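Below: the structure, in structure tokens.
The values are calculated or read from the model by the stated rules, or taken from the named source; none is laboratory data. As the structure is a computational prediction, the values presented were derived from the model and not from experiment. Heads up, the Cβs are rebuilt from the backbone with ideal geometry, glycines too, and the neighbour counts pull from every protein chain shown.
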Amino acid sequence: MTTNFILAPILMHMFTAIVLLFFWQKVLIQKIISIVGNSIAFLLCLRLFEMTLSQGYLTLQLGGWQAPFGITFISDTLSAIMVLLTALVSLAVGIYSTASLNVSRIKYGYFFIFHFLIMGLLGAFLTGDIFNMYVWFEVVIISSFILMTVGGKKMQMEGAIKYVTMNMLASVIFLTAIAVLYGITGTLNIADIANKISLVENKGLVTVTSLLFFVGFGIKSAVFPLYFWLPSAYHTPPSAIAAIFGGLLTKMGIYAMLRVFTVIFQPDYFTLTLFSIIAVLTLITGALGTINKRSIRRILSYLIICHIGYLIAGLGLNTELAFVALVFYLIHDVIVKSNVFMISGVILKMRETVDITRLGSLLKDYPKFSFVVALVFFSLIGIPPLSGFWPKILLFQESFKQENYVLLAGLIVASFVTLFVIVRIWSEAFWKISPKPITEEIDHFAPFSLSGKIALIAPIVGLAAVSLFIGLNANSFIKLSEKAAYEMKRPEIYINNVLGSKE
Amino acid sequence: MELLLVILVGAFYSAGIYMMFRRSMVKLLMGLLLLGNGANILIFLMGGLTKGKAPIIRPENSKFLEVYADPVPQALILTAIVISFALTAFAIVLLKRVYTTTGSDDLDSLNIQDLDI
């Protein structure tokens, strides 16, 4: 179905950002506008999601130019899921950042850039044109550069240099891949490329191009040999920003990978083996990286990498069941990763440090908060019936069925190491008696007003409730993932919906 | 002409990667710029070089379709140039800030924070 409504969430965030420009120095008004804008955008995304599920593919040919010539926007089940997740996380982090960020960062235009970042993410998830996707990626990375550096502490600057360099490099590689793809197919529309790429005789060139895409997206989503920028950058910005980065930015690379490797390229045996090997190495190196770290933020940064391995594993197995697991894991991971970074921010406020050797007594001092944190941690580990459990079981099952035992071992080891480090965080930070007495200077959480405390805790509780909800309603979420996986396995539906929309 | 451009693209990419391996931050930035320019010329090359032909042809003049010049690569390059212009402006300011906070142009001096685990 053709509808203009696809653009509504994107335009809503752009509109909010522009309105925010008029209130540059007025912090309170900025917070209110941001929350209102985020809420409306969330409702629009919910509507888009619901429309996509009930009416099938939504498409829009911009400017009325027919498919291969104009820019296409398309919302299938996978895009709709990503859009809804983005809206949910952006609403939660938007509320959280009203209390967690200091005033000077907000005065430097934090909310304004934040909305542009979300706009870019939504655009990247909804576009059906490979060059347009590049442009949305650039919108996202330039916003993320500013969020990364806003405030300008020395540590942040050091992290930013690595982050900026690697992301600019990834963009150049992405652009190179687009250039080669344009050279061999003569078109930029993803559906049209998919049609024409099967006619290309030089299969070697097609594989090389697909691997160029893999490297470009791999840097962004931090897969095995390309992840070193992430742990040295993600722990430097304030936790609200790290929550958005950890939850959504790496997943944008995964989404692009899924789009490219399901619609455009049909991975051959070589590519699939490569994915499996990289998945195992990502799982193992990410997991090992967590073990000797003491800062919660650093542990979480390595856990992002480790859990990207699960998603690459799903891509490497490349069956419909593996895709079900992949989509389900994506839903779970976006929500939980954003939440754990927000939790680390609250712990930082409570104790002035996130070093687990210096933390302690959190369970005694904040029993209710600790209960919510335990729920989120259990979900991250994948303890049934919480959300992380089901996709992991599906992945184990599928890799066992394909007799890919190395991958199976990697998945299980990564799962155990996750369990180990989370238990370590829990026992050190929550159970242990605090090594030094908690004085009033350390506790930056108590002086918050009631509304400030609610703004800090409510998003965490909300996302934890969503995790619980996903776990308890696993059946409907598996159905949803099955629908997405069905469409991913059948790119001809996507192609027909874009190119066949002339009738 | 194509061969010349192929060599040029290769030179841009190799020079860019070489510059990125240097320790100076300014050379790192220049490396990124060279890579970006290489990618732009690659798009130009891959779009096919057609000299002195009209880019857009009416459907009824279909006999000229064989020789028309493709206008899309130019549009892509223009977009990419504008984007890389903005990124470069940002990166230069960032380097300036890093230089003033750390007082060094050496990338190896930026690893202090990685030592504490």
Worksheet, complete the sentence: Here the qualifying pairs (Cβ atoms under 7 Å; residues six or more apart or on different chains; first in region A:190-212 and surrounded by fewer than 16 Cβ atoms within 10 Å (Cβ to Cβ); second of a type in the set (A, V, I, L, M)) come out as A:Val200/A:Ile184; A:Val200/A:Val206; A:Leu205/A:Ile184
Discussion item. Criterion first (assigned by TED's automatic domain parsing to the domain that holds A:Ile244 and either modelled with pLDDT under 90 or on the phi > 0 side of the Ramachandran plot (or both)) does A:Val150 satisfy it?
Written reply: yes
Item to complete: Look through A:Leu84, A:Leu121, A:Leu91, A:Leu117 and report the one residue that is free of Cβ contacts under 8 Å to residues at least 40 places away in the same chain, of a type outside the set (Lys, Arg), assigned to a helix (DSSP H, G or I) and away from chain B (no Cβ under 12 Å).
Response: A:Leu84
Worksheet item: Which is outside any strand (DSSP E or B), away from chain B (no Cβ under 14 Å) and out of contact with any helix residue (DSSP H, G or I) (no Cβ under 6 Å at 6 or more places or on another chain), of A:Ser171, A:Ser104?
Response: A:Ser104
Worksheet entry | Residue within region A:139-146 that is in contact with a Leu (Cβ under 8 Å, 6 or more places away or on another chain), within 8 Å of chain B (Cβ to nearest Cβ) and small (Gly, Ala, Ser) present | no
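Quick grid of which residues meet (1) under 30 Å from A:Pro68 (Cα atoms); (2) in contact (Cβ under 8 Å) with a residue 24 or more places away in the chain; (3) not in a loop (DSSP other than H, G, I, E, B):
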| residue | (1), (2), (3) |
| --- | --- |
| A:Ile438 | no, yes, no |
| A:His444 | no, yes, no |
| A:Pro447 | no, no, no |
| A:Lys453 | no, yes, yes |
| A:Ile457 | no, yes, yes |
| A:Leu463 | no, yes, yes |
| A:Ser467 | no, yes, yes |
| A:Ser476 | no, no, yes |
| A:Leu499 | yes, yes, yes |
Practice prompt. Check every one of the helices (runs of 4 or more DSSP H) wholly within region A:342-405 and list those with 3 or more residues that are crowded, with 23+ Cβ neighbours inside 10 Å.
Written response: A:367-381, A:389-401
Practice prompt. Would you check if there is a residue in region A:179-186 being crowded, with 24+ Cβ neighbours inside 10 Å, at pLDDT 85 or above and aliphatic (A, V, I, L, M)?
Written response: yes
Discussion item. Tell me whether region A:283-306 contains one or more residues that are in contact with an Asp or Glu (Cβ under 7 Å, 6 or more places away or on another chain) and more than 12 Å from chain B (Cβ to nearest Cβ).
Written reply: no
Worksheet item: Restricting the first residue to region B:83-100 and requiring it to be within 9 Å of chain A (Cβ to nearest Cβ), which pairs with a second residue that is assigned to a helix (DSSP H, G or I) and of a type in the set (Asp, Glu) meet a Cβ separation below 8 Å and a spacing of at least six or different chains?
Response: B:Ile83/A:Glu138; B:Leu87/A:Glu138; B:Val98/A:Glu158
Worksheet entry | Residues satisfying the stated conditions in region A:214-246, i.e. more than 14 Å from chain B (Cβ to nearest Cβ), in a helix (DSSP H, G or I) and not aliphatic (A, V, I, L, M) | A:Phe214, A:Phe217, A:Gly218, A:Lys220, A:Ser221, A:Phe224, A:Pro225, A:Ser239, A:Phe245, A:Gly246
Item to complete: Can you work out which of the residues in region A:147-160 that are at the interface with chain B (Cβ under 10 Å from one of its Cβ atoms) and among the small types (Gly, Ala, Ser) is farthest from the chain's Cα centre (by Cα)?
Response: A:Gly152
Practice prompt. Scan region A:325-347 and report the pairs whose first residue is over 25 Å from A:Phe448 (Cα atoms) and whose second residue is in a helix (DSSP H, G or I) and of a type in the set (D, E, K, R), with Cβ atoms within less than 6 Å and a gap of 6+ or a chain change.
Written response: A:Val334/A:Lys251
Fill in: Hey, A:Met51 free of Cβ contacts under 8 Å to residues at least 60 places away in the same chain and more than 17 Å from A:Met119 (Cβ to Cβ) or not
yes
Worksheet item: Does A:Ser399 satisfy being hydroxyl-bearing (Ser, Thr, Tyr) and over 30 Å from A:Ser97 (Cβ atoms)?
Response: yes
Worksheet item: Which residues, counting only those in region A:49-89, are in contact with a Pro (Cβ under 8 Å, 6 or more places away or on another chain) and under 25 Å from A:Leu188 (Cα atoms)?
Response: A:Val83
